[in-house]
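Heads up, the thing below is written out as C-alpha cells.
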Amino acid sequence: MGANNTKAPAVFLDRDGTVIFDKNYLSSPEQVKLYSYAADSVNKLRAAGFKVIIVTNQSGVARGAFTERDLQKIHERFVFLLKKVGAKVDAIYYCPHIDEDSCGCRKPKPGMVLRGAKDFNIDLEKSYAVGDSVRDYLLGYNTGGKGVLVLTGRGKKQRKKIAQEKIKPMAVCKTLKEAANLIIKDAKKN
Ligand SMILES: [Zn+2]
C-alpha cells in the first residue's frame with residue numbers, strides 16, 4: 001500500500017437478521033428478503049464515506065445444509081434486490097466453517113474484516129461492525145474498531161448475553177437504520 005494515505009473507514013454488516021430477514025439456514029435465493037430500510041441505510045453509510053461490506057457466518061455449508069454454489073446464488077439475488085432499489089454493497093465475504101474447524105474467519109474472529117481491510121485499504125480504527133449477534137459486535141472490537149448490536153433477527157435474545165461479555169457494544173439499536181444514523185454521528189465526533 002506504500003504511500004497511499006487515503007484509507008477509508010468501513011461498516012462491516014452482518015447479513016441475516018441485520019440486512020435481510022433471518023431464516024434459519026437460508027438456503028435458496030427465493031428466501032432472501034431485505035428489511036424495508038436496508039437499502040437506505042446502506043446508501044446513507046456509503047454517502048458518508050464508509051465502505052459497506054457484508055461479513056456473514058454461513059456454517060450451513062460445513063453442516064451440509066447448502067453448498068457454496070447455493071450461497072453464490074443467494075448473494076446474486078441479494079445484490080440484485082439491492083440494485084433494484086438503488087443500493088449496493090462493496091463486497092460480501094462469508095465464512096463456511098463451524099467453530100470446530102478452528103478457522104480464522106468465523107466471527108468474532110477477524111479473518112473477513114482483515115480481508116476487507118486489504119482489499120479496500122480500510123482504516124480499521126475508524127470502522128464499525130454491526131449485527132444481531134454478540135459475535136457481530138465483538139468483531140468490531142477484535143479488529144480495532146467498534147461494534148453495534150441490533151435487535152432485529154436474533155438480537156433480542158442475544159442482548160441478554162451481553163452481560164457475560166467483557167466487551168460491551170457501543171450501542172444497542174432497534175434496527176440497522178438506527179445503527180447507521182448513530183455510526184454516522186459517532187464518526188463525526190472523532
Ligand atoms: Zn471460517
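May I ask you to derive the FRET efficiency for ASN181 and GLU68 from their Cβ-Cβ distance with R0 = 41 Å, giving the value to the nearest 0.05? Intermediate results must be reported in sequence, preceding the final value.
Values: r = 35 Å, r/R0 = 0.84.
Computed FRET efficiency for ASN181 and GLU68 comes out at 0.75.
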(message) List the lysines whose Cα sits under 22 Å from the Cα of LYS118, skipping any in the same chain fewer than 8 residues away.
(response) LYS7, LYS51, LYS88, LYS107, LYS109, LYS126, LYS146
(message) Need the full-extension length gain, VAL79 to LYS7, defined as separation in residues times 0.36 nm minus the C-alpha distance. One decimal, nm.
(response) 23.4 nm
(message) Given the -39500 (n - 2.57) contribution per DSSP H run of 4+ residues, what per-residue ellipticity at 222 nm results for the chain, rounded to the nearest 500 deg cm²/dmol?
(response) -10500 deg cm²/dmol
(message) Using a 4.7 Å cut-off between beta carbons, which cysteines in the chain end up with no partner cysteine at all?
(response) CYS103, CYS173
(message) At 0.36 nm per residue, and after removing the present C-alpha to C-alpha distance, how many nm does the segment from LYS189 to LYS156 gain when stretched out fully?
(response) 9.0 nm
(request) Can you list which of the chymotrypsin sites (Phe, Trp or Tyr not before Pro) found in region 1-91 are DSSP loop residues with at most 14 other C-beta atoms within 10 Å? (result) TYR25
(request) Pop a pseudo-label 7 angstrom from the Cα along the beta-carbon direction at both LYS33 and ALA91 and give the gap in nm to one decimal. (result) 3.1
(message) From Cα pairs below 8 angstrom and at least 6 apart in sequence, can you work out the relative contact order of region 1-158, rounded to a whole percent?
(response) 28
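Give me the net charge of VAL61's neighbourhood, meaning all other residues with Cβ under 14 Å from the Cβ of VAL61; Lys, Arg count +1, Asp, Glu -1. Intermediate values should be presented prior to the final figure.
Numbers: positive: ARG15, ARG63, ARG69, LYS73, ARG106; negative: ASP16, GLU68, ASP70, ASP99, GLU100, ASP101.
Combined, the nearby Lys, Arg, Asp and Glu give -1.
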(message) Just to confirm a number: summing +1 for Lys and Arg and -1 for Asp and Glu over residues other than ASP99 whose beta-carbon lies under 14 angstrom from that of ASP99, what do you get?
(response) +3
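Quick note: the coordinates plus some simple rules give every number you see, no bench work behind them. Since the structure is predicted, the reported quantities are computational estimates derived from the model, not experimental observations. Note that each Cβ is placed from the backbone with ideal geometry, even for glycine, and that neighbours are counted across all protein chains shown.
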